[in-house]
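J.: Before anything else, here's the structure in question.
The values are calculated or read from the model by the stated rules, or taken from the named source; none is laboratory data. Everything numeric in this text was worked out from a predicted model, so none of it was measured. Cβ sites come from the backbone with ideal geometry, for glycine too, and all protein chains shown count toward neighbours.
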Amino acid sequence: MTAWRIPAMAGAVLLCACACRAAEFKSSQGFSIAYPDGWLVLSKDLPEQARKDVLSRIKRLRAVDLNRVAVIICEDNPAEFAADFNVVVGSDKGPAGKSEGEMRALLADEYRKVGVTVSDVRVGKIKVGLLDAVSVHFNAVLEGVAQPQRQWQVTVADKRRTFTLTCSAPQADFAKYEPAFAAAISSLRTGPDSSVAGWLDNPLVRYGLIGVVVACVLLWLKTRMRRKE
């Protein structure tokens, strides 16, 4: 195999992997997010029949208030508790500037109001694209339900609004879904060009394009050498 074909093939494989492993949802509320291929999307942005089709398959989603939740995306699993993530858009400043202790108290208070007890709360700061974000991991136990959930909540704010992404899965299975959640979080983009802005942040896309560029340069050099001969 000639040398220039190796990076070309690597780039093609990586770019195909990016295209095949994720789909994208673009919201009318000014954000976009990638999600695993085959997962189901429920949002007011979808046609009524599409929403009905999802609700007929995943009955637990009937409790979701789509006037509050911009989108919820879940694995195609009708079980009462399965992996999903949702995005809520707000107009306040969110948790930015709050201390870790304040975040713990705020989280516990908000969940207590809906009958949920939280524990093992871990607060940190991350980057989502170019924006700072607050990241919180915690266990959540709903009153009267034996199976605990593990949740990962990330809040990012642009100049106008906050976007809170909450990922959830049964605690025993959370590690299995964490890579998919991490990919969704890193893909979140806000603003009018949200479906395009920041796509080069994906390392697979970057390395794929690098492979293609290197292949083109090597091919050009090889062509020049042949002309000299």
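J.: Check VAL134, VAL145 and return the single one that is outside any strand (DSSP E or B), surrounded by 13 or more Cβ atoms within 10 Å (Cβ to Cβ) and not basic (Lys, Arg). Outline the logic, then answer.
T.: On the way: VAL134 fails: outside any strand (DSSP E or B).
None of the others qualify; the one that does is VAL145.
J.: Is it the case that segment 80-100 has a residue that's among the hydroxyl-bearing types (Ser, Thr, Tyr) and either surrounded by 15 or more Cβ atoms within 10 Å (Cβ to Cβ) or in a loop (DSSP other than H, G, I, E, B) (or both)? Write out each step before concluding.
T.: Residues of segment 80-100 that are among the hydroxyl-bearing types (Ser, Thr, Tyr), as a first pass: 91, 99.
Now drop any that are not either surrounded by 15 or more Cβ atoms within 10 Å (Cβ to Cβ) or in a loop (DSSP other than H, G, I, E, B) (or both), which leaves 91, 99.
Scanning segment 80-100 turns up at least one residue that is among the hydroxyl-bearing types (Ser, Thr, Tyr) and either surrounded by 15 or more Cβ atoms within 10 Å (Cβ to Cβ) or in a loop (DSSP other than H, G, I, E, B) (or both).
J.: Within segment 108-133, can you find the residues that are charged (D, E, K, R) and touching a Lys or Arg at 6+ places or on another chain (Cβ under 9 Å)?
T.: Within segment 108-133, the first condition is being charged (D, E, K, R), and the residues that meet it are 109-110, 112-113, 120, 122, 125, 127, 132.
Those that are charged (D, E, K, R) and touching a Lys or Arg at 6+ places or on another chain (Cβ under 9 Å): ASP120, ASP132.
J.: Out of (1) in contact with a strand residue (DSSP E or B) (Cβ under 8 Å, 6 or more places away or on another chain); (2) under 17 Å from THR166 (Cβ atoms), the odd one out for GLU24 is which?
T.: That leaves (2) as the condition not met.
J.: Given the conditions (1) in a loop (DSSP other than H, G, I, E, B); (2) over 16 Å from the mean Cα position of the chain (by Cα), report the number of the one that THR117 does not fulfil.
T.: (1)
Quick grid of which residues meet (1) surrounded by 17 or more Cβ atoms within 10 Å (Cβ to Cβ); (2) among the β-branched types (Val, Ile, Thr); (3) touching a Gly at 6+ places or on another chain (Cβ under 8 Å); (4) closer than 20 Å to SER135 by Cβ:
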| site | (1), (2), (3), (4) |
| --- | --- |
| ILE33 | yes, yes, no, yes |
| LYS44 | no, no, no, no |
| GLN49 | no, no, no, no |
| VAL64 | yes, yes, no, no |
| ILE73 | yes, yes, no, yes |
| ASN77 | no, no, no, no |
| GLU102 | no, no, no, yes |
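J.: Which residue pairs have Cβ atoms closer than 8 Å, lie 6 or more positions apart in sequence or on different chains, and pair a first residue in segment 120-145 that is within 19 Å of GLU110 (Cβ to Cβ) and free of Cβ contacts under 8 Å to residues at least 24 places away in the same chain with a second residue that is crowded, with 18+ Cβ neighbours inside 10 Å and of a type in the set (Lys, Arg)?
T.: Within 8 Å, the pairs are HIS137/ARG150.
J.: Tell me, please, whether a residue that is farther than 16 Å from VAL118 by Cβ and without any contact (Cβ under 8 Å) to a residue 24 or more places away in the chain can be found in segment 148-155.
T.: Within segment 148-155 (the criterion being farther than 16 Å from VAL118 by Cβ and without any contact (Cβ under 8 Å) to a residue 24 or more places away in the chain), the answer is no, since none of the residues qualifies.
J.: Tell me which of these LYS127 doesn't satisfy, since it passes every other one: (1) loosely packed, with under 13 Cβ neighbours inside 10 Å; (2) in a loop (DSSP other than H, G, I, E, B); (3) of a type in the set (Lys, Arg).
T.: Condition not satisfied by LYS127: (2).
J.: Now for a different question. For segment 165-197: of the residues being assigned to a strand (DSSP E or B) and under 14 Å from GLY129 (Cβ atoms), which is modelled with the lowest pLDDT? Break it down into steps so the answer makes sense when it comes.
T.: Residues of segment 165-197 that are assigned to a strand (DSSP E or B), as a first pass: 165-170, 189-190.
Still in the running and under 14 Å from GLY129 (Cβ atoms): 165, 189-190.
Numbers: LEU165: 97, ARG189: 93, THR190: 90.
Going through the qualifying residues, I end up with THR190.
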